[in-house]
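The values are calculated or read from the model by the stated rules, or taken from the named source; none is laboratory data. Just so we're clear, the structure is a prediction, and the values are computed from it rather than from any experiment. Cβ sites come from the backbone with ideal geometry, for glycine too, and all protein chains shown count toward neighbours. Remember, those area values only see protein heavy atoms, side chains included, never the ligands or the DNA or RNA. Shrake-Rupley method; radii C 1.70, N 1.55, O 1.52, S 1.80 Å.
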Amino acid sequence: MEHPENSSEYAGLQVNSGVEQPSIVNPYLKRGRFRRHELSVGEMVEGILKGDVTILSQAVTLIESVNPDHQARAQEVINKCLPYSGNSIRIGISGVPGAGKSTSIDEFGMHVLKEKGGKLAVLAIDPSSERTKGSILGDKTRMEKLAQHPSSFIRPSPSAGSLGGVARKTRETIILCEAAGFDKIFVETVGVGQSETACHSMVDFFLLIQVAGTGDELQGIKRGIMEISDGIVINKCDGDNVDRCQMAATNFRNALHFFPMPDSGWSPKVLCYSGFYGTGVKEIFDMIYEYMDFVKANGYFAYRRNEQAKYWMYESINEHLRLNFYNNPAIQAQLGTAETSVLAGQKTSFVAAQDLLDEYFSLLKK
């Protein structure tokens, strides 16, 4: 850069050109030096079977990825782990937001590890934002005791737009956790309503956590999540809230009489407890293990596992068809035109969708 101050007419004044600034990138840095070694399918399966939670976490991340290459590798891992799965007790835990699900799981987990031993995996599903698509994944912060326990594994996952209170890949994650030696699986759903019941299709016992003051007998009679619960527990039964919790439990017991007998033949029970103080937890797990003995004796346990496997086969078909449709290049090219036609009022949403489907099916015949 030329400096006019260096001209001869400005005697005694000179501006130095300065020191050349070095590159912001370290020239001695070897690219790829810090790149993580990518595990093969065989190495990943071997690590999972040894109970390596780091490799297990990487495999779960692979399952949750939407990358087609990752999905192909994830399916290989799942297929190789499948023969080592199915030997756990799966417990689904659901309830309205603020019912104390995460705090209760902390107490439940510590109790069952102390009384029964073994290993516990907690799959906590956190809701994803409809605007930013992000998720806080903060459920683990309420599980302070379990987070430090050497026999526990806590995996928060985003719901990623999935309905039913669980993530789309939760069932595959259960298979990997079982292969890693976890004989107790807790699936914590997002705060759900009456009709979001997909968690029921992947667990052996469905526990519904309620709090006092959520409704009267009429609210309890309404179909949906109440109807599929194998057990109902009223949280925050402590201090001045004991009487209200006992009244709520009475209302729920009365409501359950209006429901038909479940296929399992088990009559759901209603119990009160305090997740904060840890009181009443023993009675809840006595109920859960009593249920497990009951359904294993009458054959319903094996029947339900088979029905769940069949259900998820059809769900997988639906999922793959949906992904194949949206990843089809011809459909991707026409989606924008279809949207424009709908927004301009030239076509209804149903006609535009039918045209895209007709085009997709015609491509399949070629």
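The criterion of at least 3 residues that are at pLDDT 90 or above and over 30 Å from Y326 (Cα atoms) is met by the following helices (runs of 4 or more DSSP H) wholly inside segment 8-96: 41-49, 53-64. Restrict the check to segment 182-196 and report whether at least one residue is more than 29 Å from F294 (Cα to Cα) and at pLDDT 70 or above. No; the residues of segment 182-196 include none that is more than 29 Å from F294 (Cα to Cα) and at pLDDT 70 or above. The residue list S128, S157, S135 contains one member that is assigned to a loop (DSSP other than H, G, I, E, B) and either modelled with pLDDT of 90 or more or open to solvent by less than 30 Å² (accessible area, probe 1.4 Å) (or both), which is S128. Of the set (1) free of Cβ contacts under 8 Å to residues at least 12 places away in the same chain; (2) loosely packed, with under 13 Cβ neighbours inside 10 Å, all apply to L363 but (1). In segment 279-296, the condition of being closer than 30 Å to Q71 by Cα, in contact (Cβ under 8 Å) with a residue 60 or more places away in the chain and of a type in the set (A, V, I, L, M, F, W, C) is met by no residue. Filtered by the rule that a residue be touching a Gly at 6+ places or on another chain (Cβ under 8 Å) and over 17 Å from G92 (Cα atoms), segment 273-299 gives Y273, S274, F276, F294, N298. Would you check if L356 is among the aliphatic types (A, V, I, L, M) and open to solvent by less than 50 Å² (accessible area, probe 1.4 Å)? So L356 passes the test.
Here P97 clears all of (1) out of contact with any Phe, Trp or Tyr (no Cβ under 9 Å at 6 or more places or on another chain); (2) open to solvent by less than 30 Å² (accessible area, probe 1.4 Å); (3) at negative phi except the condition numbered (2).
Cβ separations smaller than 9 Å between residues 6+ apart or across chains give the following pairs from segment 228-247 residues that are under 12 Å from K269 (Cα atoms) to residues that are buried (at least 16 other Cβ atoms within 10 Å of the Cβ) and acidic (D, E): D230/D204. Does F294 satisfy the criteria of being closer than 30 Å to D240 by Cα and not polar (S, T, N, Q)? Criteria not met by F294.
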